[in-house]
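The structure appears below as structure tokens.
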Amino acid sequence: MNFAFNEEQEELRAMARGFLADHCSSEQVRAAMTSEQGYDADVWKRIGSELGWPALLVPEEYGGLGLSWVELVALLETTGEALLCAPFFSTVCLGGNALLVAGSVAQKQEHLPALAEGQLRCTLAFSEPSGRWDADGIASVATPDGGDFVLTGTKRFVPDGANADLIVVAARAAGSSGEDGVSLFLVPSDAAGLTITALPTVDQTRRQAEFRLDGVRVPAEASLGEAGSAWPALRKVLDLAAVGVSAEQVGGAQRCLDLSVEYAKERVQFGRVIGSFQALKHKAADMMLSVECARSAAYYAGCVAAEDGDALPVAASLAKATCSEAYFRCAADAIQIFGGIGFTWEYDPHLHFKRAKSTETFLGDASWHRERIAGLVF
Amino acid sequence: MKIMVCLKQVPHQDARLDINGDGTWIQEDNIKFEINSYDTYALEEALLIKDAGEAEVLVVSIGPDRVTQALRTALGMGADRAIHVNDPEIQGSDSLGMAKVLAAVAKEENPDLILAGLMSEDANYAAVPPMLAELVGIPHTTAAVKVERSNGTLTCDREIEGGANEVVTLEAPCLVAVQSGLNQVRYASLKGIMAAKKKPLDVKTAADLGVADQVGAGAAKVSVTQIAPPPKGDTAELVEGSPDEIAAKLVTKIKELGLL
């Protein structure tokens, strides 16, 4: 297992950082997150049509590039640094990932070419008002009716849910519990009976939505895999998504450290730059330790995801726990180093603090993943 | 049609620049480099011509191993092949020495069009492109802000004093040194980056090109004896007050200086 990025992967990161520096600056992030849509449609269009990022994981036979999770982790680290406002994570790591893991050839042929070109925005509707991230968190019901299924229930905290064209909805058979009876369905965002409401969540750089499923009828062909048996595939999708979030968190944590060090070298107090004070040096050193540990965990998980090995559940939880804590710690410490202005609108640490908090809980927080690792190991 | 694009790798615009030990150049260790931005516009112009029809785009650069990265970036953006002239004997060459190396490449490749940036962002001489054209024996123009092609003739708007443009026509083969901003430079796509590793990147030395005795510090007619940062002055005036007061004071100052 080689932890160093190769020449092409380094070039990919350099290209991504160049693009994001030009189109995802602090000012541009603020403009995008306060816009009606929550992202810059032109930037998203360029990401799809010019840069080809959504095509990364899509196999070549479906119009993609057939690259691996190593390249995706390398890319997501840069989008996390920049707090990219775009339905990239949701389309690639959630909705698109579900199609790749559980979709039939026909479903892939129908949707993946458009997704690869950035013309189809996807997401995954898993969590519900209970906020649980295990199989018992799925309470929405899929009821067979003739040749169709009728979906009822409420999905909450769906990333980029209000902008998705296609949603992968997790639901279960009536009367089932745990990992039994779970199904995944492809639901178009304009389906009858589906009400989508944007949620006033803390992190406006990645908005979330609530879906009310009030008798949404989908054909049996909309099921990803065999209806009632989707939990193993869904668990894998969630693990892979956790790897993706972890990579973003590493980027965000690194940016918090960079911003803090830059500021500490400039800000003068008591006649000297604050970076010369021992307490701040220690804080910055601790931040760096957190970032490097998180980076190692995320890169390892990316390698495991690329190899599609049995170690994915442990690697994904290890990365998510480590990176969630590192990002939140770095964001919180950045605010301390900046002092009072760190939480003002004009400076960036508060944006990272909110993204860190939002991603910390998304897909399960550090405690949840530690508990899961304990269960997997013993 | 074959287009040769001359690229130079220069220190990244965000790099912290320190002067080296003997005071003749900057310390190049541990700083990031990038393609000279003027040259990216030249490359984009070549790629636009390629997009519009059949053209082969060859990128050429001189420098140490790190220059490979710039050439790979250019290949990722869409160039077809690259030549890296990598020879420590070339170090210390003046503009004429560099132009001779590029001219040797051009004479081997016989391009229909050579595109280059107006100048490099590190040395700012703007001397290599005209010298290269003269050595190859082809017409050239500089500071092009618009390039149009028609049946082997190029019509270029070139920037001149006073905000005016001069319109010139050139018969191919020719060289055009472009001004920044004449197009929107593309980013390398993921597909392009992955395809770049399969594209040819040839490495040559000055000896391979037959110019070993014409390059390097020994052959240079111009040498840099010293570089230095601008001296710190005490004429800076700090304008204080509210934003409105500062703006008013600045306007007054600018008027006093006769700049408005």
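The values are calculated or read from the model by the stated rules, or taken from the named source; none is laboratory data. Worth saying up front: this structure is predicted, and the values here are computed from it rather than measured. As a convention, Cβ positions derive from the backbone with ideal geometry for all residues, glycine included, and neighbour counts pool all protein chains shown. All accessible areas refer to the heavy atoms of the entire protein, side chains included, with ligands and DNA or RNA removed. Shrake-Rupley method; radii C 1.70, N 1.55, O 1.52, S 1.80 Å.
Structural remarks
- The local environment of B:Asn124, defined by Cβ-Cβ distances under 15 Å, has a net charge of -3 under the rule Lys, Arg +1 and Asp, Glu -1.
- Rounded to the nearest 20 debye, the dipole magnitude of the protein assembly as shown is 1040 debye, with +1 charges on Lys and Arg beta carbons, -1 on Asp and Glu beta carbons, and the Cα centre as origin.
- Reach of B:Lys107 by Cα under 17 Å, taken over aspartates and glutamates that are not fewer than 8 positions away in the same chain: B:Glu56, B:Glu134, B:Asp202, B:Asp208
- Listed peptides B:5-16, A:228-239, B:238-249 by packing density, highest first (mean Cβ within 10 Å): A:228-239, B:5-16, B:238-249
- Distance from the stretch A:147-195 to the stretch A:82-98 (C-alpha centre basis), Å: 18
- Peptide A:50-58, shielding by other chains (average Cβ, 10 Å cutoff): 3
- Gaussian network model of chain A, Cα within-10 Å springs - most flexible of A:Glu71, A:Glu360, A:Glu60: A:Glu60
- Per-residue mean of foreign Cβ neighbours for A:177-189 is 0 (Cβ atoms of other chains, 10 Å radius).
- With a cut-off of 10 Å between beta carbons, the residues surrounding A:Arg235 carry a summed charge of -2, where Lys and Arg count +1 and Asp and Glu -1.
- The angle separating the long axis of helix B:67-77 from the principal Cα axis of greatest extent in chain B is about 80 degrees.
- Residue-averaged 222 nm ellipticity for chain B, from DSSP H runs of 4+ at -39500 (n - 2.57), nearest 500: -8500 deg cm²/dmol
- Seen from A:Lys45, the other residues with C-beta closer than 13 Å to its C-beta sum to a net charge of -2, counting Lys and Arg as +1 and Asp and Glu as -1.
- Peptides ranked, highest mean first, by Cβ atoms within 10 Å: ranges B:171-183, A:338-350: B:171-183, A:338-350
- Share of carbon and sulfur in the accessible heavy-atom surface of the stretch A:232-377 [1.4 Å probe, %]: 57
- Counting, for every residue in B:180-189, the Cβ atoms of other protein chains within 10 Å of its Cβ and taking the mean gives 3.
- The stretch A:232-377, dipole about Cα centre (Lys/Arg Cβ +1, Asp/Glu Cβ -1), debye to the nearest 20: 320
- Global form of chain A, assessed from the alpha-carbon gyration tensor, a/c cut-off 1.5: prolate
- Cα shape, the stretch A:31-146, gyration tensor, a/c 1.5 rule: oblate
- Note on the stretch A:230-297 and the stretch B:29-69: Cα centroid distance 34 Å, given to the nearest whole angstrom.
- Cβ-isolated cysteines (cut-off 4.7 Å), chain A: A:Cys24, A:Cys85, A:Cys93, A:Cys122, A:Cys293, A:Cys303, A:Cys323
- Between the residues A:Leu94, B:Val185, B:Ala219, the greatest Cα displacement towards the positive end of the dipole of the protein assembly as shown, with unit charges on the Cβ of Lys, Arg, Asp and Glu, is found for A:Leu94.
- Cα→Cβ-extended label distance, 7 Å offset, between B:Val239 and B:Leu257, nm: 0.9
- Helical content of chain A, expressed as a calculated mean residue ellipticity at 222 nm, amounts to -16000 deg cm²/dmol (DSSP H runs of 4 or more residues, -39,500 (n - 2.57) each, divided by residue number, nearest 500).
- Three-way shape label, the stretch B:2-214, alpha-carbon gyration tensor, a/c 1.5: rounded
- In the structure shown, the pairs B:Lys100/B:Lys204; B:Lys146/B:Lys199; A:Lys236/B:Lys197; A:Lys108/A:Lys354 are assessed against 23 Å; a Cα-Cα span above that value is assigned to B:Lys146/B:Lys199; A:Lys236/B:Lys197; A:Lys108/A:Lys354.
- Judged by the mean number of other Cβ atoms found within 10 Å, the most tightly packed of the peptides B:24-32, A:113-121, A:18-26 leads the ranking A:113-121, A:18-26, B:24-32.
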